[in-house]
Structures are given as C-alpha cells and as structure tokens.
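The values are calculated or read from the model by the stated rules, or taken from the named source; none is laboratory data. What you see is a predicted model, and the numbers here were worked out from it, not measured in a lab. Neighbour counts run over all protein chains shown; Cβ positions are idealised from the backbone, glycine included. Ligands, DNA and RNA are stripped out before the accessible areas are found, and what is left, the full protein with its side chains, is counted by its heavy atoms. Shrake-Rupley method; radii C 1.70, N 1.55, O 1.52, S 1.80 Å.
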Amino acid sequence: MSKLKIAVQKSGRLSEKSLELLKSCGIKLQNGGRTLKSTSSNFPIEVLFLRDDDIPQYVEQGIADIGILGQNEVWEKQKDIDELKLLGFARCKLSLAIPKENSYTSIESLEGKRIATSYPIILSNYLQQQGINATIEEIGGSVEIAPGIGLADAIMDIVSTGSTLLMNGLKEVEVIAKSEAVLIANRQISTDKSKLLDQLLFRMDAVQQSKENKYILLNAPNDQLEKITQILPGMKSPTILPLAKKGWSSLHSVIREDDFWNSIDQLKNAGAEGILVVPIEKLIL
Ligand code: ATP
Ligand code: MG
C-alpha cells in the first residue's frame, strides 16, 4: 500500500511544531526527523524535510501529497493546491513598516515610494487593491535593514512581537494580513492516499479539540446539582457519582477552557468544592 507523503520544514520556525503535531497524532517517526526523509513505524506515512519555500511546488507536483507551512508562503507562491486546515501555530503578521521618524497618515503616504520585501506577490496584490503605485524591491532576507542602507523607504515583512522593527528604528504602519501554519494538499490525491489523509485529519481534529477543552471534576451538595449543571455548558449531560459523604456528589464534565474561566465564580457561589480541571489528551466529539 502506498504511503502518504508529507512535506515539513527542514529547520526553522515551523519544524518543531510540525513534528510535534505528528507525534500528538500518535505517529512515531524513525531516525528522529533529522535526515532528508523519515518513515513511521506505526502509520503509512513518509516525512520529507524541505525548505518551506519549496513545499508549495512539491505539493502541487505531487512529490509530496500534503505539507505544513505558513499561509504567507502559500499566498506568495500561488501554486495550485488545497488549503485543508489551519493549524494554530507560527502565528505572525505581514506588515508594512517605515522609519519611526517619518510621518504616516494612510497608505497614500507610500505613493511613489520604494518598498523592500521578500513577498513581492503579496505586496503587489495589496498595493493594487489599495490603488497605490510603488516600486517593489525584492530581497531574500534581512529586509528590515533596507531603509537604513538607503535601499527602500519602507518594508513589508513578517512581524510577530515587533522587536526586530524596533531594533532597526522602524514602526509598523499597516497590517496587510495575518498568517499561521496551514496543512496543504495536492489536488489529485489518489483514493488510497485520501483514505490515509482522512485518518490523519481525524486525528488532528481530536488533538485540536482536546487542546480547547478540559475535563472538570467537582464536588457539590446534592440539592445544588441541578443549578451547577445549568451553569456548566458541558458537552452533554454531566456524569454524577455519589460521594461517600452523605448528601454529596461528584460531578464530571468536559468544558471549553474559556467557558470554565467565565463560570468559575458562579460554580463556587453555587456550592461547588474541590474543583479539579485536567487536560485531555484526545477528544472525539
Ligand atoms: P527556510 O530555510 O525553510 O526557507 P525561512 O527562513 O524561510 O526557512 P522561518 O524563519 O523558519 O523561514 O519561518 C517559517 C515560517 O514561520 C514563516 O514563513 C512564517 O509563516 C512563520 N514565522 C516567521 N517568523 C515568525 C515569527 N517571528 N513568529 C511566528 N511565526 C513566524
Ligand atoms: Mg523560506
């Protein structure tokens, strides 16, 4: 049976999280992921380690069936591939920045200016959409030094905390897009492989759900159980078990972490005690 081939970044900001995701889906990899290719001992998958820039092309050509990379690279490369699933890591912005002493009122301030970037396609689409004419200086890296050395008046680059901009005397003036890691796929995946892909997606969903939810246990007097059940926006009805202490029960449920923080005071006021919140490893809804 053929193996599903997945391309991940060889070394960089996406590598560790990509391998962690596969691991959390129960996929064990041989040789620790430090060679060009790695296979799994317990799932028909082969991992190819590549530069992130090359992943869209390899997936389009079917050299890899699926891949993990930043949406920014997907948008820039404009290959014919499917975006299957946002993965929630490597979150960053694509922003325009200018020297901090320069004035900026709106995007019009960049009319006729030179903008350095490693993402010429994304930038030119944006400028066109905004009706701005500017010269795009395409450079491979260290974009933030471009204004300082006189190559450009502004830059468009990846920003996360903004500390790189600050260090280079720049200020963010527009956020063009927000990006995160995404799972992409070849458009003509074989039936065999799409079955494997469905299995992988199922596992990814289970992992994602588990991260957003917590298992909650609490003790409460029996006469308060109904009230507490109403406060808890659980998945379905909670499990209620009698405690050795007469007139008391233990209540178990699964709730979204956000909901938990919003209802904690109400739970305590309703008489809940010994509230325990534990992580869930996998959750199938
Ligand atoms: P490669 O050698 O594979 O071409 P690279 O230098 O192009 O790597 P990295 O710096 O490792 O890329 O970044 C990979 C991706 O991680 C980026 O395309 C982007 O989606 C995301 N990313 C980059 N910088 C940050 C950041 N500071 N915070 C969060 N995510 C980021
Ligand atoms: Mg790259």
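Cross-link partners for Lys193 among the aspartates and glutamates, with Cα-Cα distance under 14 Å and sequence neighbours closer than 8 places in the same chain left out: Glu46, Asp65. Each listed q (0.22, 0.25, 0.28, 0.32 Å⁻¹) maps to a log10 I(q)/I(0) for segment 176-220 from the Debye sum over equal C-alpha point scatterers, namely -0.90, -0.98, -1.04, -1.13.
Peptide packing for 55-61, 133-139 was compared via the average number of neighbouring C-beta atoms within 10 Å per residue; ordered from the highest value, the list is 55-61, 133-139. Here the convex hull built on the C-alpha positions of segment 88-135 has a volume of 111 cubic angstrom per residue. Residues of segment 152-178 with amide nitrogen under 11 Å from the 7 Å Cα-to-Cβ point of Lys100? From segment 152-178, the list is 163-172. Just the number, please: percent antiparallel of the DSSP beta bridges in the chain, rounded to the nearest 5. Roughly 75 percent of the beta bridges in the chain run antiparallel, per DSSP.
Taking 7 Å steps out from each Cα toward its Cβ at Glu226 and Asp265 produces label points 2.6 nm apart.
Ligands, DNA and RNA are left out, and with a 1.4 angstrom probe the accessible area of the chain is 54 Å² per residue.
Taking a sphere under 13 Å around the Cβ of Thr105 and counting the other residues whose Cβ falls inside, with K and R at +1 and D and E at -1, yields a net charge of -3. With equal scatterers on the alpha carbons only and no solvent term, can you work out the Debye log10 of I(q)/I(0) for the chain at 0.09, 0.12 1/Å? Treating every Cα as an identical point scatterer, log10 I(q)/I(0) equals -0.63, -0.89.
Neighbours of Arg187, meaning other residues whose beta-carbon lies under 14 angstrom from its beta-carbon, give a summed charge of -3 when Lys and Arg score +1 and Asp and Glu score -1.
So which of Lys93/Lys171; Lys3/Lys37; Lys214/Lys268; Lys17/Lys85; Lys5/Lys77; Lys28/Lys77 end up more than 23 Å apart, counting from Cα to Cα? Long pairs (Cα-Cα over 23 Å): Lys28/Lys77. With the simple spin-label model, which puts each label point 7 Å out from Cα in the Cβ direction, the Ser11 to Ile63 separation comes to 2.0 nm. Between Glu83 and Lys113, the distance separating the two model label sites (each 7 Å from Cα on the Cα→Cβ line) works out to 2.7 nm. Taking Cβ atoms as reference points and 11 Å as the exclusive limit, the residues near Ala116 contribute a net charge of -3, counting Lys and Arg as +1 and Asp and Glu as -1. Rounded to two decimals, the Cα-based Rg/Rh of segment 213-279, with Kirkwood Rh, is 0.92.
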